[in-house]
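A.B. asks: My structure is below; once you've seen it, I'll send some questions.
The values are calculated or read from the model by the stated rules, or taken from the named source; none is laboratory data. Quick caveat, the model's predicted, so the values are computed rather than measured. We place every Cβ from the backbone using ideal geometry, glycine too, and count neighbours over all the protein chains shown.
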């Protein structure tokens, strides 16, 4: 039989145990919060500097006009660079997104064998490749073959950079979909292809969107591959067989000029590039979330 002294000792031990756990929880939360602050402070500092130096440069002429004479009182704008960046992102996504998603589907649903392991290994290696090497590869394959710098060469290089990111995120997103979804589809007699494209991809859509936007953000800021592929141009797009401009390339060249006006334009170009990436992320996520809230989950068995 438990005595009063034993009960009191038990309560004391229980309170001490709870106090230690609460203290440990507070310490861990403090460490996590401190790590978050350490990560946010450099990011906030970079954004603050870009906004502080870039906002005074923004104007309609700056966003729409081609570059002016270097060092003159009329430095012009970055209109061709904005146009080239948007075209490069769109054209690269036309290749990188479908191929990357299909690659992720194969690795997730059909890649539990030596072929899948081999593809997965080379995909991881490609993800770690220096982008300047990819730019040199595109230069050797596209530029030297065609005989001229063009947006096609830049599109080729940037789509290669997109592939491993989209492939990996697609694979991992599909693996997170419960196995019961697949089993339910098979139990209803639905074809495997229909299960993948109508059920699994719909359920993993959030992860797919995240992977695609990560890859877009990655290629939007690449400079090294563009030096070897699109070369740069101060005019607006005039054909697929002509060099084009892009914001990362324009910012890089403006930063190397010994003029205050060029440096100011470089800050403005950096701010515009960040706003483009931010707008794409917010716009696509808004469209996705709106469809997700308003849509309904339907299964079409097909033929």
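The rows are residues; the columns are (1) farther than 14 Å from residue 270 by Cβ; (2) in a loop (DSSP other than H, G, I, E, B).
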residue	(1), (2)
31	yes, no
34	yes, no
44	yes, no
47	no, no
62	no, no
69	yes, yes
86	yes, no
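A.B. asks: Out of curiosity, is residue 194 surrounded by 15 or more Cβ atoms within 10 Å (Cβ to Cβ) and assigned to a helix (DSSP H, G or I)?
C.D. replies: Values: surrounded by 15 or more Cβ atoms within 10 Å (Cβ to Cβ): yes; assigned to a helix (DSSP H, G or I): yes.
Yes.
A.B. asks: Here is a list: 20, 15. Which entry is over 23 Å from the mean Cα position of the chain (by Cα) and modelled with pLDDT of 80 or more? Steps first, please.
C.D. replies: Working: 15 fails: modelled with pLDDT of 80 or more.
Just one listed residue meets the conditions, 20.
A.B. asks: While we're looking at this one, here's another question. Among (1) touching a residue at least 40 places away in the same chain (Cβ under 8 Å); (2) surrounded by fewer than 18 Cβ atoms within 10 Å (Cβ to Cβ); (3) out of contact with any helix residue (DSSP H, G or I) (no Cβ under 8 Å at 6 or more places or on another chain), there is one condition residue 240 misses while meeting the rest; what is its number?
C.D. replies: That leaves (3) as the condition not met.
A.B. asks: Follow-up question, since we're still on this one. Going by what's in this entry, would residue 55 be described as part of a helix (DSSP H, G or I) and over 30 Å from residue 265 (Cα atoms)?
C.D. replies: On the way: part of a helix (DSSP H, G or I): yes; over 30 Å from residue 265 (Cα atoms): no.
When the stated conditions are applied, residue 55 does not pass them.
A.B. asks: In segment 121-158, which residues are within 30 Å of residue 182 (Cβ to Cβ) and either outside any helix (DSSP H, G or I) or in contact (Cβ under 8 Å) with a residue 24 or more places away in the chain (or both)?
C.D. replies: Listed by number, the residues that qualify are 123, 124, 126, 127.
A.B. asks: Further question: Do we find that residue 217 is more than 13 Å from residue 109 (Cβ to Cβ) and surrounded by 15 or more Cβ atoms within 10 Å (Cβ to Cβ) in this structure? Please lay out each step first, then the result.
C.D. replies: Values: more than 13 Å from residue 109 (Cβ to Cβ): yes; surrounded by 15 or more Cβ atoms within 10 Å (Cβ to Cβ): yes.
So residue 217 passes the test.
A.B. asks: OK, next. Does any residue of segment 88-111 turn out to be in a loop (DSSP other than H, G, I, E, B), assigned by TED's automatic domain parsing to the domain that holds residue 172 and modelled with pLDDT under 95? If you could, list the steps in order and put the result at the bottom.
C.D. replies: We begin by selecting, within segment 88-111, every residue in a loop (DSSP other than H, G, I, E, B); these are 110-111.
Remaining after also requiring assigned by TED's automatic domain parsing to the domain that holds residue 172: 110-111.
Right, trim to modelled with pLDDT under 95 and you get 110-111.
Within segment 88-111 (the criterion being in a loop (DSSP other than H, G, I, E, B), assigned by TED's automatic domain parsing to the domain that holds residue 172 and modelled with pLDDT under 95), the answer is yes, since at least one residue qualifies.
A.B. asks: Taking the options 96, 34, 54, 76, name whichever one is in contact with a helix residue (DSSP H, G or I) (Cβ under 9 Å, 6 or more places away or on another chain) and within 30 Å of residue 169 (Cα to Cα). Don't jump to the end; show me each part of the working.
C.D. replies: On the way: 34 fails: in contact with a helix residue (DSSP H, G or I) (Cβ under 9 Å, 6 or more places away or on another chain); 54 fails: within 30 Å of residue 169 (Cα to Cα); 76 fails: within 30 Å of residue 169 (Cα to Cα).
Only one candidate passes the filter, namely 96.
A.B. asks: Taking segment 30-82 as the search range and keeping residues that are closer than 18 Å to residue 234 by Cα and under 22 Å from the mean Cα position of the chain (by Cα), which one is surrounded by the fewest Cβ atoms within 10 Å (Cβ to Cβ)? Steps first, answer last, please.
C.D. replies: Pass one, segment 30-82, residues closer than 18 Å to residue 234 by Cα: 60-82.
Within this subset, residues satisfying the condition of being under 22 Å from the mean Cα position of the chain (by Cα) are 81-82.
On the way: 81: 28, 82: 22.
My answer is 82.
A.B. asks: Quick one: is residue 102 closer than 24 Å to residue 284 by Cβ and free of Cβ contacts under 8 Å to residues at least 12 places away in the same chain?
C.D. replies: Working: closer than 24 Å to residue 284 by Cβ: yes; free of Cβ contacts under 8 Å to residues at least 12 places away in the same chain: yes.
It is true that residue 102 is closer than 24 Å to residue 284 by Cβ and free of Cβ contacts under 8 Å to residues at least 12 places away in the same chain.
A.B. asks: Okay, moving on. If you go through segment 159-181 one residue at a time, how many are in a helix (DSSP H, G or I) and in contact with a helix residue (DSSP H, G or I) (Cβ under 6 Å, 6 or more places away or on another chain)? Outline the logic, then answer.
C.D. replies: From segment 159-181, those in a helix (DSSP H, G or I) are 159-175, 179-181; that's our starting set.
Add one more test, that the residue is in contact with a helix residue (DSSP H, G or I) (Cβ under 6 Å, 6 or more places away or on another chain), and what stays is 159-167, 169-171, 173-175, 181.
Matching residues across segment 159-181 total 16.
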